[in-house]
Amino acid sequence: MKKSQHFPEAFYRVTVRGIMQDGDKFLLGHHKKDGTWETFGGGLDFGEDMREALKREILEELGCELSYISEKPLFALPHIVHNKRGMDWFYNFPIYYSIKFDTSKFDPSLQYPEIKWFTLEEIQNLQIFEGEEGIKEGFKTLINGTSESQ
């Protein structure tokens, strides 16, 4: 593997992500910048509590206050991201929580012009944001009940 010119090999960018699930459907946002679909969340600031960071990110990106966030993460899906943020590559460590918010308060002028519910089958054909490598398999664990939730 080629070494990153920006960070030592042990560096991970930690992100906190929220999964909103209703039965066999998942809510995703259509990202303005690259047209990909993704769960909601973003980078964890140094010293920030993960759950507080997720609340902040949802408010910034969607304009919504969380009405629920799981006490513990559902899962984490570390992977490598290529050619983003001006870097050749870096390790990403997304940590996923179960969340709920009032979708009627969603503000399409922020990060996502559209949010939409998808079945697992529909998600398999979507272009998913590279920062969420493995989320399709992660969703399968939630449908099949092989991951702890709520």
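The values are calculated or read from the model by the stated rules, or taken from the named source; none is laboratory data. Bear in mind the structure is a predicted one, so any value in this text is a computation, not a measurement. When we count neighbours, we look across all protein chains shown, and the Cβ atoms used for this are built from the backbone with ideal geometry, even at glycine. Keep in mind that these areas ignore ligands, DNA and RNA; they rest on the heavy atoms of the full protein, side chains included. Shrake-Rupley method; radii C 1.70, N 1.55, O 1.52, S 1.80 Å.
7 Å from Cα along Cα→Cβ at both Asp22 and Ile80: what's the point-to-point distance in nm?
Spacing of the two 7 Å Cα→Cβ label points: 3.9 nm.
Please compute the per residue accessible area over the chain with all protein chains in place, 1.4 Å probe, rounded to a whole number of Å². Kindly include the intermediate steps, with their values, before the conclusion.
Values: 8270 Å² over 150 residues.
Per-residue accessible area for the chain comes out at 55 Å².
From the protein chains alone at 1.4 Å, what is the descending order of accessible area for Leu110, Leu74, Leu59, largest first?
Sorted descending by solvent-accessible area, the residues read Leu59, Leu110, Leu74.
Under a 5 Å amide H to amide H cut-off, with H placed in plane at 1.01 Å, what residues pair with Ile95 once short-range neighbours are removed?
Here Thr15, Val16, Arg17 satisfy the definition.
Could you work out how far apart the two model spin labels at Asn144 and Asp102 are, taking each label as a point 7 Å from the Cα in the direction of the beta carbon, and quote it in nm?
3.8 nm
Go through segment 89-95 residue by residue and turn each phi into a ³J(HN,Hα) via Karplus (6.51, -1.76, 1.60, θ = phi - 60°); whole Hz please, and just put x for glycine and proline.
So the J values, rounded to whole Hz, are 6, 7, 7, 10, 10, x, 10.
Mind giving me the nanometre distance, one decimal, between the label points for Met50 and Glu137, set 7 Å out from Cα along Cα→Cβ?
In this crude spin-label approximation the distance works out to 1.9 nm.
Which whole-Hz ³J(HN,Hα) couplings does segment 38-47 yield from phi under the Karplus relation 6.51 cos²θ - 1.76 cosθ + 1.60, θ = phi - 60°, glycine and proline marked x?
Listing the rounded values in order: 7, 6, 9, x, x, x, 8, 6, 4, x Hz.
Using +1 on the beta carbon of Lys and Arg, -1 on that of Asp and Glu, and nothing else charged, what's the dipole of the chain about the Cα centre, debye to 20? Can you show the working numbers first?
Numbers: 18 positive and 25 negative charges, 58 e Å.
The calculation lands at about 280 debye.
Kirkwood Rh over alpha-carbon pairs of the chain, then Stokes-Einstein at 10 °C and 1.306 mPa s: what D in µm² s⁻¹, rounded to an integer?
Working: Rh = 15.8 Å.
After rounding, the answer is 100 µm²/s.
Leaving ligands, DNA and RNA out of it, rank Trp37, Trp117 by accessible area with a 1.4 Å probe, largest first.
On the way: Trp37 25, Trp117 85 Å².
Result of the area sort, largest leading: Trp117, Trp37.
Roughly how many percent of the accessible protein surface of the chain is carbon and sulfur, given a 1.4 Å probe and a whole-percent answer?
Values: 4110 of 8270 Å².
Roughly 50 percent, rounded to a whole number.
D for segment 75-132, whole µm²/s, Stokes-Einstein with Kirkwood Rh over alpha-carbon pairs at 25 °C and 0.890 mPa s: what number? Don't jump to the answer; show the numbers that get you there.
Values: Rh = 14.2 Å.
Rounded to a whole number, D works out at 173 µm²/s.
Can you compute 3J(HN,Hα) from phi for each residue in segment 136-143, using the Karplus curve 6.51 cos²θ - 1.76 cosθ + 1.60 with θ = phi - 60°, rounded to whole Hz and x for Gly and Pro?
4, 5, x, 4, 4, 5, 6, 5
To the nearest 500 deg cm²/dmol, what mean residue ellipticity at 222 nm is calculated for the chain from DSSP H runs of n ≥ 4 alone, each contributing -39,500 (n - 2.57), summed and divided by the residues? The partial results should precede the final answer.
Working: 3 runs with 27 residues, N = 150.
So the helix-based figure for the chain works out to -5000 deg cm²/dmol.
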